[in-house]
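Read-outs: derived from the displayed coordinates by stated rules, not from any lab. These numbers come from a predicted model, not from an experiment. Positions of Cβ are generated from backbone atoms using ideal geometry, with glycine treated the same way; all protein chains shown enter the neighbour counts.
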Amino acid sequence: MTVRMASSEKVAALLRDAIARLNRRLRQTRPLGDLTQSQLSALTSLDLAGALTPRELADAERVRPPTMTRIVSRLEERGLLQRIPHPTDGRQVILSATESGRSVLAANRRARDAWLGSQIAALSDEERETLRRAAHIVDRISRA
């Protein structure tokens, strides 16, 4: 059991480091623009959720509400998100990505997918198959 545990911990460390490096590299491939990583992340959360209150968005992004207020203001100024009145609480608003916001996210995804696709294309068939299987496993772990 101790040998297996050590092995699991070593694999965990290798995987964590590899994912961190890959994530960093993917962030570097995004199209140059005036959006920060925090703004892109918040916009992605809205796109995935459909709509959130500012508090829900702050919680999802793990930032304090004043920080999210600044992020939301910048995104709204650029026409990338919209505010609509909350259906049951007049003190609240609901935030959602606009069509322009979804277009920005799509352009970012295309840039990252193009870079990653080119890296994967350089792999052997066996490596691509291993990576395909690993992607399913990592996805399963992330949903646990």
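Among the residues that make up the range 131-143, is at least one of them outside any helix (DSSP H, G or I), farther than 24 Å from L35 by Cα and under 17 Å from the mean Cα position of the chain (by Cα)? Show your work before the answer.
Restricting attention to the range 131-143, the residues satisfying the condition of being outside any helix (DSSP H, G or I) are 143.
So of that shortlist, the ones also farther than 24 Å from L35 by Cα come out as 143.
The next check asks that each one be under 17 Å from the mean Cα position of the chain (by Cα); those that pass are 143.
Yes, that holds for at least one residue.
As a summary of the residue check, L32 satisfies the conditions (1) touching a Ser or Thr at 6+ places or on another chain (Cβ under 6 Å); (2) within 15 Å of R110 (Cβ to Cβ) except for the one numbered (1). The numbered conditions (1) among the hydrophobic types (A, V, I, L, M, F, W, C); (2) surrounded by 11 or more Cβ atoms within 10 Å (Cβ to Cβ); (3) under 24 Å from P31 (Cα atoms) are all true for L52 except (3). The numbered conditions (1) exposed (fewer than 15 other Cβ atoms within 10 Å of the Cβ); (2) under 21 Å from L22 (Cβ atoms); (3) not polar (S, T, N, Q) are all true for L105 except (1). Restrict the check to the range 102-109 and report whether at least one residue is touching a strand residue (DSSP E or B) at 6+ places or on another chain (Cβ under 9 Å) and more than 22 Å from Q37 (Cβ to Cβ). Taking every residue of the range 102-109 in turn, none turns out to be touching a strand residue (DSSP E or B) at 6+ places or on another chain (Cβ under 9 Å) and more than 22 Å from Q37 (Cβ to Cβ). The condition of being surrounded by 12 or more Cβ atoms within 10 Å (Cβ to Cβ), closer than 30 Å to L14 by Cβ and in contact with an Asp or Glu (Cβ under 9 Å, 6 or more places away or on another chain) holds for only one of S45, S96, that being S45. Checking each residue of the range 121-130 against the condition of being outside any loop (DSSP other than H, G, I, E, B), touching a Leu at 6+ places or on another chain (Cβ under 6 Å) and acidic (D, E) gives no match.
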